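I have placed the structure first, in the form of structure tokens, so that the comments after it can refer back to it.
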There are 2 protein chains.
Amino acid sequence: MFSGAQISLYPMTGDFVGVITGALGALDPYRNQLRIETDDISTLLVGPPDTLFPAMRDLFVAAAGGGAHCVLSGTISRGCPGEPDDAICASVSFDGPRENLEQRKAESLASVAAATETGTPIAAQFSLYVMGTDDHMDEIYGCIDFLKQSGVFDRAKNFCTRLAGDAAPVFAALEAAFCQFGPPAGHVTIDLTVSANSPTPR
Amino acid sequence: MFSGAQISLYPMTGDFVGVITGALGALDPYRNQLRIETDDISTLLVGPPDTLFPAMRDLFVAAAGGGAHCVLSGTISRGCPGEPDDAICASVSFDGPRENLEQRKAESLASVAAATETGTPIAAQFSLYVMGTDDHMDEIYGCIDFLKQSGVFDRAKNFCTRLAGDAAPVFAALEAAFCQFGPPAGHVTIDLTVSANSPTPR
């Protein structure tokens with residue numbers, strides 16, 4: 001199944017190019033597991049979710065480390081019927097039949113609990129979209145129930161859910177939301193915003 | 001039907017707060033037609049699409065006018081079954097049965113052709129998501145066909161479609177994509193990125 005993301009890094013500083021180029025080294029450990037293409041709007045990452053989410057986490061933690069207000073915005077997708085399959089995307093995450101919702105929630109909670117903290121606090125909000133099924137809201141509500149128990153749930157907002165915490169459990173929760181909810185071979189996407197060092201009070 | 005957006009403006013400059021606050025006046029003509037709430041990640045706009053898209057356009061054109069590299073990122077939604085209805089969202093756009101796809105494409109092209117240019121060139125990319133139906137890709141392909149004839153189509157990218165041109169026809173095309181494709185009362189969302197003044201070559 002084809003999976004990947006279009007991501008953009010927005011450092012709110014006149015040296016935004018320096019912050020971005022300085023953070024790109026964080027992708028080096030993942031480069032042989034991803035196809036990467038950049039233009040003036042975004043960078044395409046094609047690869048399996050268990051590489052995509054840690055790569056986005058490490059890129060964002062590196063960019064935020066300089067202290068500037070930084071945002072990572074991402075369009076993350078799996079199983080889009082309009083995309084060709086690609087061997088680089090192979091993942092055990094989507095083999096086999098879908099387990100029941102309670103099992104998937106429990107596995108999601110375990111993966112968040114197992115995340116090793118990075119020391120970088122972040123705020124995030126995201127929308128999970130499940131296409132091509134008429135039970136998509138059941139999956140969304142199941143995911144929200146998992147998030148509320150995850151330790152990184154902040155609050156519900158219109159159109160999205162807000163998370164807060166260390167970058168590691170937050171990105172682990174995002175990966176679980178993306179992989180565990182919606183049909184294993186289904187078309188599932190996330191519209192993601194991650195923020196650090198904002199001067200605006202919450 | 002409930003409709004609205006979570007939007008964020010990212011000026012890549014140390015004076016990002018000044019650019020954002022300087023652009024907010026562009027929302028003044030729309031304030032009595034929108035409910036607006038801001039936190040440290042995004043600003044919620046609740047209102048009908050025929051107000052939302054012009055408001056986003058004018059805000060972005062005002063922010064980009066200073067010359068700094070600016071990005072507007074938005075999560076735009078209509079008909080989400082999890083959101084309560086709101087009288088402020090009332091719109092004639094979603095009354096009546098869905099016309100056939102060719103009629104909707106023609107109306108979309110007419111609205112783009114009628115847009116009065118702003119003088120601000122922008123680049124944009126977006127994904128259109130149609131939930132709760134098993135024919136969602138037919139609607140997506142219909143929308144892409146409209147975009148290819150619209151004069152603001154740039155190219156297809158993985159997971160999204162890239163537009164370029166004056167801000168007015170680009171935002172008119174985005175509004176048509178959002179309103180004309182997917183069921184009239186359906187759950188439809190757009191994941192949007194708009195960019196101006198990027199130093200990166202295309």
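What follows draws every value from the coordinates through simple rules; no lab data is involved. Bear in mind the structure is a predicted one, so any value in this text is a computation, not a measurement. When we count neighbours, we look across all protein chains shown, and the Cβ atoms used for this are built from the backbone with ideal geometry, even at glycine.
Values as computed for the structure displayed
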read-out: Segment A:5-20 - residue that is more than 21 Å from the chain's Cα centre (by Cα) and surrounded by fewer than 22 Cβ atoms within 10 Å (Cβ to Cβ) and, of those, nearest to B:L9 (Cα to Cα); value: A:T13
read-out: Candidates B:T13, B:T51, B:T38, B:T21, filtered to the one that is without any contact (Cβ under 8 Å) to a residue 60 or more places away in the chain, within 12 Å of another protein chain (Cβ to nearest Cβ) and in contact with a helix residue (DSSP H, G or I) (Cβ under 9 Å, 6 or more places away or on another chain); value: B:T13
read-out: Residue satisfying all of: in segment B:77-95; at the interface with chain A (Cβ under 8 Å from one of its Cβ atoms) and surrounded by 16 or more Cβ atoms within 10 Å (Cβ to Cβ); nearest to B:Q6 (Cα to Cα) among these; value: B:S77
read-out: Meets criteria (surrounded by 22 or more Cβ atoms within 10 Å (Cβ to Cβ), out of contact with any Ser or Thr (no Cβ under 7 Å at 6 or more places or on another chain) and either of a type in the set (F, W, Y) or away from chain A (no Cβ under 11 Å) (or both)) for B:F2; value: no
read-out: Candidate set from segment B:135-189 (those that are part of a loop (DSSP other than H, G, I, E, B) and in contact with a Ser or Thr (Cβ under 7 Å, 6 or more places away or on another chain)); member that is surrounded by the most Cβ atoms within 10 Å (Cβ to Cβ); value: B:F159
read-out: Of all residues in segment A:110-134 being more than 8 Å from chain B (Cβ to nearest Cβ) and farther than 30 Å from A:G67 by Cβ, the one that is surrounded by the most Cβ atoms within 10 Å (Cβ to Cβ); value: A:L128
